[in-house]
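The values are calculated or read from the model by the stated rules, or taken from the named source; none is laboratory data. Because the structure is predicted, anything quoted here is derived from the model rather than measured. Here the Cβ positions follow ideal geometry from the backbone for every residue, glycine too, while neighbour counts run over all protein chains shown. The accessibility values were calculated without ligands, DNA or RNA, using every heavy atom of the protein model including side chains. Shrake-Rupley method; radii C 1.70, N 1.55, O 1.52, S 1.80 Å.
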Amino acid sequence: KTLDSRSLESLAKYIKDGRAKRIVVMTGAGISTSAGIPDFRSPDTGLYANLQRLNLPYAEAVFDIDYFRKNPDPFYALAQELYPGSYRPTITHSFIKLLHDKGLLLKLFTQNIDCLEREAGVPDDKIIEAHGSFAKQSCIECKYPYPKDQMQQAIKDKSVPRCLNSECNGLVKPEIVFFGEQLPESFFRNRFLPEDSDLCIVMGTSLSVQPFASLPQACGESTPRLLINSEQVGSLGSRADDVLLLEDCDAGVRKLAEACGWLEELENTWSE
Ligand code: OAD
């Protein structure tokens, strides 16, 4: 199942020939920038370049569990901006939905906490939220759950909620995965799934955070891997069957869809 050249056309042929039936997609913040949500590491526009007002020792500290334990205020100062809101999924999100509609999506691994994949119609059981989400919240010490409405209020007020289990009084935070915390069990249960895939598509991620960054390496040597990203990342490009589209995600998925004869369908899926 190897490609004869590193081109989009041969990849599209591979898909059209029905050889990609178990596609694994891996995404990051870059697939949501065109929706208006900044990514993390882009030099001027990324979140980490714009946190001076929080007086952090280093930008990632805002998502570091040890730092949060000492000083939870910066996270809660920012949480409102991160909270899933009224953003519209991009055509890249719709492309993942289209793969699902065609019965070709094995799994989507996302690092994003904006819930736009779900919004685009990708079903829950197809999504691994590797870095958690705002769907639940709990005490960081005893894991006692915290009510959603009270969390929403705390985020609105930029106040730090405390555990409702009176013997604990620990800090409460949304169950988004901080540096120093374990990824959800669903990630570990599915992390070798890329071994069973016949196509891997990586989009909008700098692949700089482990263990997510190692997922593309789990693909078999003969599994084509497509990167759609403004820059080359990770080890994508090191294998003979890697295909690199180093450009905007939305433009890249449109090109791929066009090459597969799906462009109209994709545009319709997006405008639904
Ligand atoms: P990054 O900000 O690290 O990387 C985003 C990547 O997408 C970069 O390579 C950009 O060049 C690229 N990019 C941005 N906009 C794009 C566009 N419109 N089209 C194509 N490429 C584009 O974001 P992630 O890789 O998602 O974790 O970051 C990984 C994790 O680091 C996040 O989940 C978050 C963060 O710390 C936690 O907070 C735990």
For this session: Report whether or not ARG239 is assigned to a helix (DSSP H, G or I), out of contact with any Phe, Trp or Tyr (no Cβ under 7 Å at 6 or more places or on another chain) and not polar (S, T, N, Q).
Result: no
Exercise. Got a number for residues in the range 68-113 being polar (S, T, N, Q), open to solvent by 20 Å² or more (accessible area, probe 1.4 Å) and in contact with a strand residue (DSSP E or B) (Cβ under 8 Å, 6 or more places away or on another chain)?
Worked result: 1
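Which members of the range 127-151 meet the condition of being assigned to a helix (DSSP H, G or I) and within 30 Å of SER208 (Cα to Cα)?
Here is the first cut: in the range 127-151, the ones assigned to a helix (DSSP H, G or I) are 148-151.
The answer is MET151, and nothing else.
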For this session: Please enumerate the residues belonging to the range 9-67 that are closer than 30 Å to VAL172 by Cβ, surrounded by 17 or more Cβ atoms within 10 Å (Cβ to Cβ) and polar (S, T, N, Q).
Result: THR27, SER32, THR33
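I need a count of the residues in the range 191-250 that are among the aromatic types (Phe, Trp, Tyr) and surrounded by 14 or more Cβ atoms within 10 Å (Cβ to Cβ).
1
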Exercise. Does ARG6 satisfy the condition of being of a type in the set (Lys, Arg), more than 15 Å from the ligand (Cβ to nearest atom), modelled with pLDDT of 95 or more and not in a strand (DSSP E or B)?
Worked result: no
Exercise. Before we move on, is LEU116 within 20 Å of GLU265 (Cβ to Cβ), more than 16 Å from the ligand (Cβ to nearest atom) and open to solvent by less than 30 Å² (accessible area, probe 1.4 Å)?
Worked result: no
Seminar exercise, completed: Expected output for the range 231-259 (first residue under 17 Å from LEU215 (Cα atoms), partner of a type in the set (Val, Ile, Thr) and more than 12 Å from the ligand (Cβ to nearest atom), Cβ below 6 Å, 6+ apart or cross-chain) is ASP241/THR2
For this session: Would you check which residues across the range 122-133 are under 15 Å from THR269 (Cα atoms) and open to solvent by 30 Å² or more (accessible area, probe 1.4 Å) and list them?
Result: PRO123
For this session: Could you pull out the residue among LEU164, LEU215, LEU226, LEU207 that is within 16 Å of the ligand (Cβ to nearest atom), part of a loop (DSSP other than H, G, I, E, B) and out of contact with any Lys or Arg (no Cβ under 6 Å at 6 or more places or on another chain)?
Result: LEU207
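Go through the range 251-266 and count every residue that is open to solvent by less than 60 Å² (accessible area, probe 1.4 Å) and over 18 Å from PRO224 (Cα atoms). Steps first, please.
Of the range 251-266, the ones open to solvent by less than 60 Å² (accessible area, probe 1.4 Å) are 251-253, 256-257, 259-260, 262-263, 266.
The next check asks that each one be over 18 Å from PRO224 (Cα atoms); those that pass are 251, 262-263, 266.
The total comes to 4.
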